[in-house]
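K.L.:
There's a structure below that I have some questions on.
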Amino acid sequence: MTQATLETALSQQARVTLAHTPTPIEALNNLSAMGHCSLYVKRDDCTGVGMGGNKIRQLEYYVGDALANNANLLLITGAIQSNFTRSVAAVAAKLNLHCHVQLEQRVANFSEQYTNNGNVFLNQLYGANISYFPEGENEAGADKALEEIAQRYRSDGFKPYIIRLGAEHAPIGALGYVRAAIEFANSDTAKEGIDEIFIASGSALSHIGLLFGLRALGYPTKVTGVCVRRSAQQQHDRVKRRLDDLAQLLNLPLCVKEQDISLIDNTLAPGYGQLSSSTIAATELFASREGLLLDPVYTAKVADAVLRFAKLAANRDKRVLLWHTGGQPAIFAYENQLSQ
């Protein structure tokens, strides 16, 4: 498939330009010297709006669809320290839209710092209305509660748009990462060759968009999704289904083969939004050796996986890229654990 064909398919989808792109790709020279691989990072923490992150690319299409439907209120549900809710609140403020975020209690034994700092504080600063949903692993229940909130807003004369992340809804956000795949494939780093890309896989929208886009362009690099919420087996089924949904959304053939779906869960424990000793060590190492901050929920676990990969002699001389999906504000909610 040509780039022109892919871009034409994307152009059929409503979009509003938000992200600062292209984001830079940087060599991680100090960390590379500690292992067998040449390490690089794609800085999608630098997408601009509301402290950046991968969600800004996704929101170009969600908000494009919202504005095409004359919405004046954005609604979303996510974990208490969700980077997505914070990004939605920031984008709503930028575009003079109303915003309501529902925060799900996905992490047990959370501290006052976790509840009030980081992304929660920014949600408040950006002017979002906030409500809470008590069940962290009930996607259907959270969506239902958000729909009930939307109905109350409709009764008050608003035109709400719900940003739906459940696997039963169209993967609109993945379109932003199909576009990111085109951006990456045209970079000097990609042309010089990358052996493997590591990216967080949660809702899987960034993961599937990148994988779909690269394969559609004929770019063969392995894309490994690092599981941050579910086991690799559970996530595989979600990724496969979402890839089919994305092909249908774009009205394009699916160029991704079964063997292209690569997932690992070796850094998932002890669970979503929870830190292990090796994840803490990876966070400290990236900060102290590269001046690069990670977020505890997503990129720290990806970095942990990348460091484990880089230390293996079998991977000598490979060129590896960590796709940094942002989320640094959440680090302030984990200060107690990171400073022990």
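K.L.:
Out of (1) touching a residue at least 12 places away in the same chain (Cβ under 8 Å); (2) out of contact with any helix residue (DSSP H, G or I) (no Cβ under 7 Å at 6 or more places or on another chain); (3) within 23 Å of residue 235 (Cα to Cα), what's the single condition that is false for residue 169?
P.N.:
Condition (1) is where residue 169 drops out.
K.L.:
Kindly indicate whether any position in the range 253-272 is of a type in the set (D, E, K, R), at pLDDT 95 or above, more than 20 Å from residue 332 (Cβ to Cβ) and within 16 Å of the chain's Cα centre (by Cα).
P.N.:
No, the range 253-272 has no match at all.
K.L.:
In the range 186-201, how many are open to solvent by 20 Å² or more (accessible area, probe 1.4 Å) and either in contact with a helix residue (DSSP H, G or I) (Cβ under 7 Å, 6 or more places away or on another chain) or of a type in the set (Lys, Arg) (or both)?
P.N.:
1
K.L.:
Of everything in the range 68-90, what is farther than 17 Å from residue 170 by Cβ, of a type in the set (A, V, I, L, M) and more than 19 Å from the chain's Cα centre (by Cα)? Give them in sequence order.
P.N.:
If the condition is that a residue be farther than 17 Å from residue 170 by Cβ, of a type in the set (A, V, I, L, M) and more than 19 Å from the chain's Cα centre (by Cα), then 73 is the only one that fits.
K.L.:
Which condition number in (1) touching an Asp or Glu at 6+ places or on another chain (Cβ under 8 Å); (2) buried (at least 23 other Cβ atoms within 10 Å of the Cβ) is the one that residue 178 fails?
P.N.:
That leaves (1) as the condition not met.
K.L.:
Identify, from the list 30, 83, the residue that is crowded, with 21+ Cβ neighbours inside 10 Å, touching an Asp or Glu at 6+ places or on another chain (Cβ under 9 Å) and touching a residue at least 40 places away in the same chain (Cβ under 8 Å).
P.N.:
Only one candidate qualifies: 83.
K.L.:
Taking residue 191 as meeting all but one of (1) within 20 Å of the chain's Cα centre (by Cα); (2) without any contact (Cβ under 8 Å) to a residue 40 or more places away in the chain, write down the number of the exception.
P.N.:
(1)
K.L.:
Return the pairs, sorted by first residue and then second, in which the second residue is in a helix (DSSP H, G or I), the first residue lies in the range 134-155 and is of a type in the set (Phe, Trp, Tyr), the beta carbons are less than 7 Å apart, and the residues are 6+ apart or on different chains.
P.N.:
none
K.L.:
Where the second residue is among the hydroxyl-bearing types (Ser, Thr, Tyr) and the first is open to solvent by 10 Å² or more (accessible area, probe 1.4 Å) and lies in the range 55-72, which pairs have Cβ atoms under 6 Å and are six or more apart or on separate chains?
P.N.:
Filtered contacts from the range 55-72: 55/87; 71/161.
K.L.:
Also, quick follow-up: If the requirement is being assigned to a helix (DSSP H, G or I) and open to solvent by less than 50 Å² (accessible area, probe 1.4 Å), which of these qualifies: 39, 6?
P.N.:
Criteria check complete, one pass: 6.
K.L.:
To continue, here is another question. State all residues of the range 299-319 that are among the small types (Gly, Ala, Ser) and open to solvent by less than 10 Å² (accessible area, probe 1.4 Å); if no residue qualifies, say none.
P.N.:
Of everything in the range 299-319, those that are among the small types (Gly, Ala, Ser) and open to solvent by less than 10 Å² (accessible area, probe 1.4 Å) turn out to be 300, 303, 305, 310.
K.L.:
Limited to the range 304-340, what total is found for residues that are assigned to a helix (DSSP H, G or I), modelled with pLDDT of 90 or more and touching a Ser or Thr at 6+ places or on another chain (Cβ under 7 Å)?
P.N.:
Number satisfying all stated conditions: 2.
The values are calculated or read from the model by the stated rules, or taken from the named source; none is laboratory data. Quick caveat, the model's predicted, so the values are computed rather than measured. Quick reminder, even Gly has a Cβ in these numbers, built from the backbone with ideal geometry, and neighbours come from all protein chains shown. Heads up: the accessible areas ignore ligands, DNA and RNA and are worked out on the full protein's heavy atoms, side chains in. Shrake-Rupley method; radii C 1.70, N 1.55, O 1.52, S 1.80 Å.
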